[in-house]
Amino acid sequence: MLRHTQLWLSSIAVAALMASAGAQTYTYTVTGPFSLPGAGTSGPLSVYPIVFNVPDSGLIARVAITLGGLSHTYFDDIDALLVGPSGTAVQFLSDAGGSSDPNGDYTFDDVNGTAPLPDSSTTNLPPGVYKSSVYPANTADPFPAPAPGAPYAFSLTAFSNQQMQGIWSLYIVDDAGGDIGSMAFARLEIELVPEPASMVALGAGLAGLLGLRRRKK
């Protein structure tokens, strides 16, 4: 009976360790409202850049960025650039969506997104999770200072294995006249690489469980 109890408790411990070994995810939100552009019908967002001050530390496994409550009368006008604490700059949105009108929360995630926004569309594109959407492909657009100049990366996976702690800057520009929009909030989501200590503990728990099973035989 004791061995059965030990085996059951060890199984629970391993399950708990497996849960704790999963990657941690942090989110940081800056709320508006923001005007796009800040004045007139072309130019930077009314807050430029939007700044995320990330106090937490850890190595990055995945980055996602959400343009929340995004509304505009011409999707193609919107360009967006995310700059991390190390200086890595990723242009994740440019000249996508054609004449469609965004309306809702648009998340860009090159791990969980199923596809980029299309280059052009005459029907409105639903809110959701998309991969980075830059047209023409891998072509840098100019962003006014204080944004860094090109070269840029074009996938948010460029942040992988970098340190998350520090200042993140989101630059959003309306690059053509004639249309305007707004945004309610911006959200930065960072998933961390699982900590090695958790993996070591998981391995030890599995080894203990296997040992108990062998003794039971």
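The values are calculated or read from the model by the stated rules, or taken from the named source; none is laboratory data. These numbers were taken from a predicted model, which means no experiment stands behind them. For neighbour counting, all protein chains shown are included, and Cβ atoms are generated from backbone atoms with ideal geometry for every residue, glycine included.
Annotation note: Cβ proximity below 7 Å between a residue of the range 13-38 that is over 22 Å from residue 70 (Cα atoms) and modelled with pLDDT of 95 or more and a residue that is charged (D, E, K, R) and not in a loop (DSSP other than H, G, I, E, B) (sequence gap 6+ or interchain) occurs for 25/189; 25/191.
With respect to residue 76, determine if the residue is of a type in the set (Asp, Glu) and either buried (at least 23 other Cβ atoms within 10 Å of the Cβ) or assigned to a loop (DSSP other than H, G, I, E, B) (or both).
On the way: of a type in the set (Asp, Glu): yes; either buried (at least 23 other Cβ atoms within 10 Å of the Cβ) or assigned to a loop (DSSP other than H, G, I, E, B) (or both): no.
It is false that residue 76 is of a type in the set (Asp, Glu) and either buried (at least 23 other Cβ atoms within 10 Å of the Cβ) or assigned to a loop (DSSP other than H, G, I, E, B) (or both).
Taken across the range 171-182, residues that are surrounded by fewer than 17 Cβ atoms within 10 Å (Cβ to Cβ), under 20 Å from the mean Cα position of the chain (by Cα) and at positive phi do not occur at all.
Among what's in the range 41-71 and is part of a loop (DSSP other than H, G, I, E, B) and touching an Asp or Glu at 6+ places or on another chain (Cβ under 9 Å), pick the residue that is modelled with the highest pLDDT. Looking at the filtered set, the residue picked out is 45.
Every residue, every condition in (1) under 30 Å from residue 195 (Cβ atoms); (2) surrounded by fewer than 21 Cβ atoms within 10 Å (Cβ to Cβ); (3) touching a residue at least 40 places away in the same chain (Cβ under 8 Å); (4) within 19 Å of the chain's Cα centre (by Cα), yes or no:
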{"position": "62", "(1), (2), (3), (4)": "yes, yes, yes, yes"}
{"position": "67", "(1), (2), (3), (4)": "no, no, yes, yes"}
{"position": "80", "(1), (2), (3), (4)": "no, no, yes, yes"}
{"position": "84", "(1), (2), (3), (4)": "yes, no, yes, yes"}
{"position": "101", "(1), (2), (3), (4)": "no, yes, no, no"}
{"position": "111", "(1), (2), (3), (4)": "yes, yes, yes, yes"}
{"position": "119", "(1), (2), (3), (4)": "no, yes, no, no"}
{"position": "135", "(1), (2), (3), (4)": "no, yes, yes, no"}
{"position": "140", "(1), (2), (3), (4)": "no, yes, yes, no"}
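Residue 179 meets all of the listed conditions (1) of a type outside the set (S, T, N, Q); (2) over 15 Å from residue 88 (Cα atoms); (3) touching an Asp or Glu at 6+ places or on another chain (Cβ under 9 Å); (4) at pLDDT 95 or above but one, namely (4).
Residues in the range 65-101 that are under 13 Å from residue 141 (Cα atoms) and among the acidic types (Asp, Glu): 76, 77, 79, 95.
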